[in-house]
Amino acid sequence: MTVSTIAIRPLWLRVLQFPPTRIVLLGGIIFYMMAVNNGFMEDFKATPVVAIAITIGMGGLAMAIYAGWGRFIERREVTELSLPGMGREWATGALIGAGLFASCAMILMMLGMYRIEGLNPLSFLIPAVAMALSSGIFEELFFRGVVFRSVEDLFGSWISLVVSSLVFGFIHLLNPGGTIEGAIYISIEAGLLLAAAYLLTRRLWMSIGFHMAWNYTQSAIFSGVVSGGVTLPGLIRDVIEGPDLLTGGSFGLESSVIALVLCTTAGVILLMIAVRRGHILPPPWKR
């Protein structure tokens with residue numbers, strides 16, 4: 001962008017394009033919509049199909065607002081939500097998310113800490129759909145689409161990776177069963193992995209797929225507690241007994257050293273590929 005181009009932009013537009021403004025306004029809108037949607041999910045938890053429909057509608061609106069901000073305020077092509085390649089990237093993220101959680105559960109089974117006592121009806125797979133959609137769409141738009149990109153614009157990819165991961169982890173203290181340990185674990189394992197998924201593709205679909213699949217697999221299939229928050233009976237009736245260090249305790253498997261090792265390893269691998277692809281941006285004063 002040339003000096004002359006910057007000079008002819010009106011002041012109000014320059015203010016709106018300033019990254020902190022993006023976090024406050026666009027991030028605030030998306031965060032508020034997420035809170036409203038969570039309220040709807042609670043109101044309609046007895047009719048999960050309605051909750052799913054509302055979440056799809058609210059999620060679609062949030063994506064449209066995000067894309068509209070990028071197009072009309074930032075004056076750019078919103079490539080992180082472009083449709084070509086969406087299915088492949090979402091599916092890749094979903095396979096990674098479901099596979100990593102299933103691997104954590106299998107390790108607990110081999111250690112004798114996870115025991116399956118039976119199966120619930122298939123209808124138990126439905127209630128967690130709205131929760132998975134909400135977390136995947138709203139949280140990725142906010143934490144990776146708004147927070148990560150904004151901090152990256154100011155300080156580069158590495159500082160943004162640290163800041164966005166910490167914000168993502170410690171926001172989970174707002175959950176009913178939130179703990180400092182759980183927040184730290186999520187900052188490291190999930191914050192790194194989800195940011196690396198974004199950096200790898202420079203798009204949001206892979207991180208959305210991972211986030212949805214991890215939460216859905218944890219809740220709907222393995223009946224686990226999701227980050228000290230959502231606790232719903234899923235398909236598997238299970239008993240988990242063992243030290244919190246391995247099982248995650250009341251916070252859920254995100255606070256387990258098993259998840260910490262597996263997810264952090266996956267995140268480092270994705271990050272290394274992103275580095276090789278040249279997707280890491282330096283601070284603006286070095287560009």
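Basic side chains Lys and Arg get +1 at the Cβ, acidic Asp and Glu get -1 at the Cβ, and with that the dipole of the chain about its Cα centre reaches some 1220 debye.
Calculated accessible area for the range 61-144 comes out at 48 Å² per residue, all protein chains present (probe 1.4 Å; ligands, DNA, RNA ignored).
Comparing Met272, Met58, Met212 in a Gaussian network model of the chain, where Cα atoms under 10 Å apart are tied by springs, the biggest mean-square fluctuation is seen for Met272.
Accessible area ranking (1.4 Å probe, heavy atoms, ligands and nucleic acids excluded), largest first, for Arg144, Arg149, Arg202: Arg202, Arg149, Arg144.
Taking Tyr198, Tyr185, Tyr114 in turn, the Gaussian network model of the chain (Cα-Cα springs below 10 Å) assigns the largest fluctuation to Tyr114. Within the shell defined by Cβ-Cβ distances under 11 Å, the residues around Met212 carry a net charge of -2, with Lys and Arg each +1 and Asp and Glu each -1. For the range 1-79, which trypsin sites (Lys or Arg not before Pro) are in a loop by DSSP, counting at most 15 other Cβ atoms within 10 Å? Filter output for the range 1-79: Lys45, Arg75, Arg76. Kirkwood Rh over alpha-carbon pairs of the range 1-140, then Stokes-Einstein at 37 °C and 0.692 mPa s: what D in µm² s⁻¹, rounded to an integer? Roughly 178 µm²/s, to the nearest whole number. From its DSSP helices (H runs of at least four residues, each -39,500 (n - 2.57)), the chain gives a residue-normalised ellipticity at 222 nm of -19000 deg cm²/dmol. In bins 10 Å wide, starting from 0, what share of all Cα pairs of the chain does each bin hold, as a percent? Bin by bin from 0 Å, the calculated values are 7, 28, 35, 21, 7, 2, 0.
Among Gly85, Gly93, Gly70, the largest mean-square fluctuation in a Gaussian network model of the chain (Cα springs under 10 Å) belongs to Gly85.
When +1 charges are put on Lys and Arg Cβ atoms and -1 charges on Asp and Glu Cβ atoms, the dipole computed for the range 76-187 relative to its Cα centre reaches about 160 debye.
The values are calculated or read from the model by the stated rules, or taken from the named source; none is laboratory data. On a predicted model such as this, the values are computed, not experimentally measured, just so you know. A quick note on method: Cβ atoms are made from the backbone with ideal geometry, for glycine too, and the neighbour counts reach across all protein chains shown. The accessibility values were calculated without ligands, DNA or RNA, using every heavy atom of the protein model including side chains. Shrake-Rupley method; radii C 1.70, N 1.55, O 1.52, S 1.80 Å.
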